[in-house]
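Structure in structure tokens, see below.
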Amino acid sequence: QVQLLESGGGLVQAGGSLRLSCAASGSIFSINNMGWYRQAPGKQRELVATVTRGGNTNYADSVKGRFTISRDNAKNTVYLQMNSLKPEDTAVYYCNADTVAYSGSYYHSLDAWGQGTLVTVSS
């Protein structure tokens with residue numbers, strides 16, 4: 001089993017900043033890509049940013065220049081620094097990790113998701 005625990009969401013005024021964290025735990029052998037996705041009310045879940053184990057990053061056009069994704073491999077943790085927040089950034093933010101998990105001597109790929117953390121940006 002792999003668990004992802006997110007923290008850092010909340011209410012912020014437009015122009016403000018928040019930092020999300022997501023720690024992975026459990027029977028983890030390795031983690032490849034980690035990322036953040038979000039889902040606004042009435043909309044589909046969308047990619048926000050991803051980061052490879054080596055630190056290569058990818059961002060949605062809507063957040064480029066405002067959000068920064070990073071990770072600490074030793075802590076199995078990914079972060080999302082969100083600056084210059086806009087009301088349209090309001091959504092539930094989900095952490096994702098592409099892992100190799102183990103159960104005894106059995107190793108398998110496992111795409112893990114967090115429970116989500118709500119970010120609300122007021123105008």
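Please state the equivalent ellipsoid semi-axes for the chain: what are the square roots of 5 times the Cα gyration tensor eigenvalues, largest first, in whole Å?
Ellipsoid semi-axes (Å, largest first): 27, 14, 12.
If you roll a 1.4 angstrom probe over the protein chains with everything in place, what fraction of the accessible area of the chain belongs to carbon and sulfur, to the nearest %? If you can, show how the numbers build up before the last one.
Numbers: 3040 of 6500 Å².
Carbon and sulfur: 47 percent of the exposed surface of the chain.
What number comes out for the charge environment of residue 20, summing +1 per Lys or Arg and -1 per Asp or Glu over other residues with Cβ under 15 Å away?
+2
Which net charge results when you count Lys and Arg as +1 and Asp and Glu as -1 among the other residues whose beta-carbon is under 15 Å from that of residue 95?
After counting each charged neighbour, the total is 0.
Okay, moving on. Between residue 19 and residue 107, what length comes free when the chain is fully extended (0.36 nm per residue of separation minus the Cα-Cα distance, one decimal in nm)? Show your work: numbers first, answer last.
Working: separation 88, 0.36 × 88 = 31.68 nm, distance 3.27 nm.
The residue 19-residue 107 span can extend by a further 28.4 nm.
Here is a follow-up. Note down the net charge around residue 52, summing +1 for each Lys or Arg and -1 for each Asp or Glu among other residues with Cβ under 10 Å from its Cβ.
Net of charged neighbours comes to +1.
Taking a 1.4 Å probe, which of 46, 6, 88 shows the most accessible area, and what order do the others take after it?
Largest to smallest exposure gives the sequence 88, 46, 6.
With every protein chain kept in the model, how would you rank 111, 98 by accessible area, 1.4 Å probe, largest at the top? Kindly include the intermediate steps, with their values, before the conclusion.
Values: 111 90, 98 60 Å².
The residues order as 111, 98, largest area first.
So, one more: Subtracting the Cα-Cα distance from 0.36 nm times the residue separation, let me have the gained length for residue 46 to residue 88 in nm, one decimal.
Full extension from residue 46 to residue 88 adds 13.8 nm.
Using a 7 Å offset from Cα along Cα-Cβ at residue 27, what residues in region 1-19 end up with backbone N under 20 Å from the label point?
1-5
Take the chain, mark every one of the trypsin sites (Lys or Arg not before Pro) that falls in a DSSP loop and has at most 14 other Cβ within 10 Å, then report the longest stretch left between them, sites excluded.
The longest such stretch corresponds to 65-123.
The values are calculated or read from the model by the stated rules, or taken from the named source; none is laboratory data. Predicted, not measured: the structure shown is a model, and the values here were computed from it. Every residue, glycine among them, receives a Cβ derived from its backbone with ideal geometry; neighbour counts consider all protein chains shown. Heavy atoms of the whole protein, side chains included, go into the accessibility calculation; ligands, DNA and RNA do not. Shrake-Rupley method; radii C 1.70, N 1.55, O 1.52, S 1.80 Å.
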